[in-house]
Amino acid sequence: RIKHSLCFIGFINQSFPIEHSILATRFKVCVLAPQMTRSTRNMILLGTFSFMAIVAVADALVNSALTQSDIQTIARGGVAVIPDFLPKDLVTAMRADARNLFETGSFQPDGLTNTALSKTEQGFTGKADRQTFCGGANWLSDLGDYGSRLEFRNKMYKIKDQLALELNRPSLKIEGERRHEITYNWYEPGAKLGRHLDEHHEETKGVKGWLLDSRRSVTWLLYLNDGWKEEEGGALRCFPRSNLSSQQVGCHERNLQVGWLHVDGEHPVFLDCFRSSGQSALYTVKDSSRQVLSLKDFDVPRQPIDFATFLPSEFGERFEQISTARLDPRFAAVNDNGGKGQASLLADRDEAHSMDISPESGTLVIFDSVSLPHLVREVTGSRQRIAATGWFHEDNTFLV
């Protein structure tokens, strides 16, 4: 017992370096005092472990990179913008790393994939589309400046763990090869990216749905452009609600959001495809209870999908679908213009509730991957727009 206890004291010393003398002393008293009664020993142990829990939570809060305002903004469907997130020397090193990798041919054109077409049919080009470095096997391949990418990855993983706790998305903490995505993005002058969502409900993906054990949950972008000016273009345009949701967006009980209902505020509309009927239904959440909206359970059709057809006419324009064939080129149908889809061609749209974020050096941007449409405006200056971007993943389990 003493041997095991001394090992645990060592763990306390490593995990709680400031408080370890208090904790270790308490624990030694419990273990090494034979005259102590069981009830007294249990009381001291309980107090010790409670103190450890308080210290752990306090330490997480002190070292948190995101404020509570940031967390609430993300949870309610907004965009958290954190200027000067990275020290300038790391931004400089990563920008140099990206340039070196680009010059050695490590980036590939990577526009928005239209599900109606194969990737080779869509004609992505470096001049018009985003180019991406994924790092060969992974972000931490031995190409380029591995050390700077590792330092940045570790900083972002602290963000990931904070989001897992404070957004109540515990599976964000799970790690594994290719579990979370980190890339460099490169936009040449004239390049842009159409309006889109980063993640969709698996049931809307047809034969490509339910194939992976995780899904994109949180999107982030870190800009690497030194002295970027507004007239150079390339702003990230996001489309949050004019009034953020009063409840958490994106997912409810593993059912992903597909729209909004405008009734006394903004309410996320979720798609439940695990009904006892074997079909699906649309619902909102009120007072912690589901409020089914659809007239009856239905089978989710192939794209393009119009969920409004499954709702009572009384909802009318109060229901707004997030991703449609008109608004998201991933689901644009093949048109008659030479068989080409609309991927990479979707222009900026004059829609309500938009906000533009300039890609200024060191700025970190974070938002929910399911609920927030966005695009990248055309780069109008004479130099490249460079960023590190990525997605933190949650479990994506098909319930049976």
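The values are calculated or read from the model by the stated rules, or taken from the named source; none is laboratory data. Small disclaimer: the values here were computed from a predicted structure and weren't measured. Cβ atoms come from the backbone with ideal geometry, glycine included; neighbour counts cover every protein chain shown. Just the protein is used for accessible areas: all its heavy atoms, side chains included, with ligands, DNA and RNA removed. Shrake-Rupley method; radii C 1.70, N 1.55, O 1.52, S 1.80 Å.
Quick check: anything in segment 250-268 in a helix (DSSP H, G or I) and modelled with pLDDT of 95 or more? No, there is no match, as no residue in segment 250-268 is in a helix (DSSP H, G or I) and modelled with pLDDT of 95 or more. Scanning segment 209-220 for residues that are open to solvent by 20 Å² or more (accessible area, probe 1.4 Å) and either within 21 Å of Arg95 (Cα to Cα) or not in a loop (DSSP other than H, G, I, E, B) (or both) yields a single hit, Arg216. Just one of the numbered conditions (1) assigned to a loop (DSSP other than H, G, I, E, B); (2) touching a strand residue (DSSP E or B) at 6+ places or on another chain (Cβ under 9 Å) is not true of Leu172: (1).
Val334 meets all of the listed conditions (1) open to solvent by 60 Å² or more (accessible area, probe 1.4 Å); (2) modelled with pLDDT of 95 or more; (3) among the β-branched types (Val, Ile, Thr); (4) more than 16 Å from Cys273 (Cβ to Cβ) but one, namely (2). Tell me whether segment 151-162 contains one or more residues that are within 29 Å of Gly381 (Cβ to Cβ), within 17 Å of the chain's Cα centre (by Cα), in contact (Cβ under 8 Å) with a residue 12 or more places away in the chain and not in a helix (DSSP H, G or I). There is no residue in segment 151-162 that is within 29 Å of Gly381 (Cβ to Cβ), within 17 Å of the chain's Cα centre (by Cα), in contact (Cβ under 8 Å) with a residue 12 or more places away in the chain and not in a helix (DSSP H, G or I). Is there a residue being modelled with pLDDT under 75 and surrounded by 21 or more Cβ atoms within 10 Å (Cβ to Cβ) anywhere in segment 122-129? Yes, because at least one residue in segment 122-129 is modelled with pLDDT under 75 and surrounded by 21 or more Cβ atoms within 10 Å (Cβ to Cβ). In the set (1) part of a strand (DSSP E or B); (2) more than 16 Å from Ser358 (Cβ to Cβ), the condition left unmet by Gly206 is number (1). From the list Gly250, Gly227, which residue is among the small types (Gly, Ala, Ser) and surrounded by fewer than 20 Cβ atoms within 10 Å (Cβ to Cβ)? Of the residues listed, the single one that is among the small types (Gly, Ala, Ser) and surrounded by fewer than 20 Cβ atoms within 10 Å (Cβ to Cβ) is Gly227. Just to check your reading of the model, which residue among Ser371, Ser361 is buried (at least 19 other Cβ atoms within 10 Å of the Cβ), within 13 Å of Gly259 (Cβ to Cβ) and at pLDDT 90 or above? None of the other options fit; the residue is Ser371. Only one entry of Ser313, Ser294, Ser280, Ser289 meets the criterion of being modelled with pLDDT of 95 or more, farther than 30 Å from Ala96 by Cβ and surrounded by fewer than 17 Cβ atoms within 10 Å (Cβ to Cβ), and that entry is Ser289.
The single condition among (1) farther than 27 Å from Ser313 by Cβ; (2) modelled with pLDDT of 95 or more; (3) within 25 Å of the chain's Cα centre (by Cα) that Glu231 does not meet is (3).
Quick one: is Ser382 farther than 30 Å from Val263 by Cβ, open to solvent by 10 Å² or more (accessible area, probe 1.4 Å), among the small types (Gly, Ala, Ser) and modelled with pLDDT of 95 or more? When the stated conditions are applied, Ser382 passes them.
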